[in-house]
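Read the figures in this text as sums done on the coordinates, not as results from a lab. As the structure is a prediction and not an experimental result, all values here were calculated from the model. Neighbour counts run over all protein chains shown; Cβ positions are idealised from the backbone, glycine included.
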Amino acid sequence: MLDLVMRGDRVVTPQGVGAFDVAVEGERIVAVAAAGTFGKETTRRLIDAGENIVMPGGIDPHVHCSWFLPHPDGTAGLTDPPSVVSRAALFGGTTTIIDFARWTHGNTIQGAIERRDQDWAGQCHCDYSYHVMVEGRLPPELFGQIGEAIRAGYPTVKIFTTDVTPSRRGRMVDFGDIWEVFQVVAREGGLCVMHGEDNDIVMHMYEKLIREGRVGFENMAEVHNVLSEDLSFRRVIRLAENVPGIALYFMHVSAATGVEAIREARARGTPVYGETLHQYLMYTTEDYKRPNGQIYQTYPSLKSKADQAALWTGTVDGVIQTVGTDEICCALAVKVQGKRIDDTTGGSAGVEPRLAVMYTEMVGRRGYSLQKFVELTSTNAAKIMGLYPRKGTLAPGSDADITVLDPSRKMTVRLEMLHETDYSPWEGQEVHAWPSMTILRGKVKVEDGRLLGDPKDGQYLYRKIPDEIRSRPLL
């Protein structure tokens with residue numbers, strides 16, 4: 001007796017989109033067969049999704065929960081915890097999120113992971129994983145610890161090429177240390193995930209604009225500019241091309257210059273992958289001028305319409321493989337408390353509407369296939385991050401993570417329908433579909449607007465980057 005059969009006329013599978021039955025036993029998919037293969041007598045529950053879209057659960061490869069957040073008055077706090085963000089993720093059809101375990105000086109990589117476990121274990125509604133994040137001057141003993149972490153199932157290492165803001169001095173990793181990290185990660189079979197901005201340019205522009213009195217956050221794109229992204233991406237790629245076996249994943253690609261740098265590297269056969277954010281795809285610097293325009297800010301800054309167009313082109317021609325959120329969940333009062341280029345809070349609450357907004361823009365307005373949409377919001381992240389085929393696909397042997405999108409639910413996003421905080425940069429967006437059901441490892445967790453899960457449901461996902469992802473630009 002099967003535990004569950006999901007039937008639908010538009011089921012997105014590796015073989016294509018069609019009428020299929022997805023059969024589930026326990027936590028795994030055991031069969032994907034023609035619709036009608038399994039009758040009610042063969043399963044404990046048969047769900048007929050009809051014309052709704054049945055897809056693998058969304059994967060957000062870039063979130064920050066319980067994250068250190070400095071305030072303009074010199075104090076600091078934490079962003080909202082995994083219990084809040086993961087709940088919103090499930091309501092939005094996302095079943096896996098990847099955060100960061102931040103190493104700091106005086107500690108070990110293993111200690112950073114263990115401290116992060118205290119924030120997450122038993123407090124996450126969906127499945128989750130961490131990127132290991134290193135910063136500042138790296139002591140020699142750290143490189144061995146990075147190798148140990150990769151072998152233990154933590155294969156992605158986050159590196160900053162800038163301090164981002166003057167108040168975050170010590171975040172940037174020196175280029176020589178990046179070289180050393182690349183060699184360890186290449187040898188151990190990991191992947192480096194990069195925040196690529198040129199620190200000299202960024203800090204020069206902070207000093208220049210402050211000197212000129214142009215300190216309003218609406219000038220952010222002059223500081224975190226397209227030249228900075230161009231210089232940093234190309235320098236990092238050039239270094240990577242001199243370290244055999246290293247692969248790169250550029251987080252939050254925001255500019256046409258970054259897109260072009262990745263495109264050229266991939267044409268040379270370099271295994272480089274690009275992530276953009278739905279903020280960059282949907283908003284530009286013009287949105288800073290709106291009331292509470294800080295709610296649209298993340299780091300790097302929003303860019304021009306031309307940059308936005310290049311990002312969309314990148315999603316079509318394979319330069320951009322994933323769309324994440326850079327999720328930072330906090331109250332509106334915290335998000336808008338900074339009003340300057342050097343104190344505005346980055347990130348935004350966006351994990352819940354991501355699938356609906358991207359479905360609308362990609363499939364509804366731009367004519368992307370359902371398969372392309374699923375690749376950009378789920379499958380590619382699973383493949384790059386070492387989660388595939390456990391995650392990111394509806395196939396026998398995969399986790400039964402299933403999202404049902406209802407295209408009859410055309411609506412305008414309103415704050416009261418969301419489940420995170422007291423504001424949303426997505427309020428007022430028209431969407432052409434909304435998730436009606438989310439299933440995590442065979443269990444229905446959200447159905448018709450009701451949460452049926454528990455913060456103890458989430459499992460940590462140990463990962464290994466496939467050799468084919470690391471050896472060439474596979475996707």
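Summary of values
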read-out: Among GLY18, LEU277, TYR423 - extreme Cα towards positive end, dipole of the chain, charges at beta-carbon; value: GLY18
read-out: The chain - mean residue ellipticity at 222 nm from DSSP helices (-39,500 (n - 2.57) per run, n ≥ 4, rounded to 500); value: -8000 deg cm²/dmol
read-out: Sorted by Cβ neighbour density within 10 Å, fewest at the top, the residues ARG390, ARG187, ARG7; value: ARG187, ARG390, ARG7
read-out: Relative contact order (percent, whole number), region 153-259, Cα cutoff 8 Å, 6+ residue spacing; value: 33
read-out: Residue order, fewest to most beta carbons within 10 Å, for HIS64, HIS125, HIS204; value: HIS204, HIS64, HIS125
read-out: TRP179 paired with LEU78, simple spin-label distance in nm, labels 7 Å along Cα-to-beta-carbon; value: 3.9
read-out: Loop trypsin sites (Lys or Arg not before Pro), region 214-265 (other Cβ atoms within 10 Å of the site Cβ: 15 or fewer; DSSP); value: ARG214
read-out: Burial ordering of PHE100, PHE250, fewest other beta-carbon atoms within 10 Å first; value: PHE100, PHE250
read-out: Principal axis box of region 289-347, alpha-carbon based, largest edge first, Å; value: 39, 22, 19
read-out: Point-charge dipole on Cβ atoms (K/R +1, D/E -1) for region 58-386, about Cα centre, debye to 20; value: 440
read-out: On Cα atoms only, tilt of 305-317 relative to the major axis of the chain in degrees; value: 50
read-out: Relative contact order (%) - region 106-191, alpha-carbon pairs under 8 angstrom, separation at least six; value: 32
read-out: Per-residue ³J(HN,Hα) for region 50-58, Karplus 6.51 cos²θ - 1.76 cosθ + 1.60, θ = phi - 60°, Hz, x for Gly and Pro; value: x, 7, 5, 8, 10, 9, x, x, x
read-out: Long pairs among LYS391/LYS443; LYS289/LYS410; LYS335/LYS410; LYS208/LYS289; LYS410/LYS445, criterion Cα-Cα beyond 18 Å; value: LYS289/LYS410; LYS335/LYS410; LYS208/LYS289; LYS410/LYS445
read-out: Positive minus negative residues near ARG116 (Lys, Arg vs Asp, Glu; Cβ under 9 Å); value: -2
read-out: Residue-wise HN-Hα coupling along region 151-163, computed from phi with Karplus coefficients 6.51, -1.76, 1.60 (Hz; x: Gly, Pro); value: 5, 7, x, 10, x, 10, 10, 8, 9, 9, 9, 8, 7
read-out: ³J(HN,Hα) computed for each position of region 38-48 - Karplus, 6.51 cos²θ - 1.76 cosθ + 1.60, integer Hz, glycine/proline x; value: 10, x, 4, 6, 9, 9, 6, 8, 10, 10, 9
read-out: Unit charges at the beta carbon, dipole of the chain: most positive-side option, TYR206, GLY58, VAL30; value: VAL30
read-out: Residue-span extension gain [VAL316 to ARG168] - 0.36 nm each, minus C-alpha spacing; value: 49.8 nm
read-out: 0 to 90° range, to nearest 10: angle between helix 256-267 axis and the chain longest Cα axis; value: 70
read-out: Percent of C-alpha pairs per 10 Å bin, region 17-108, short to long; value: 12, 29, 25, 16, 11, 6, 1
read-out: Mean separation of Cα contacts under 8 Å, 6 or more apart, over the residue count of the chain: relative contact order %; value: 22
read-out: Neighbourhood net charge (13 Å Cβ-Cβ; Lys/Arg +1, Asp/Glu -1) for TYR462; value: +3
read-out: Along principal axes, Cα extents of region 261-321, largest first, whole Å; value: 45, 18, 14
read-out: Amide H contacts under 5 Å for GLY190, placed H, 5+ residues apart; value: none
read-out: Acute angle (nearest 10 degrees) that the helix 109-120 long axis makes with the longest principal axis of the chain, alpha-carbon atoms; value: 50
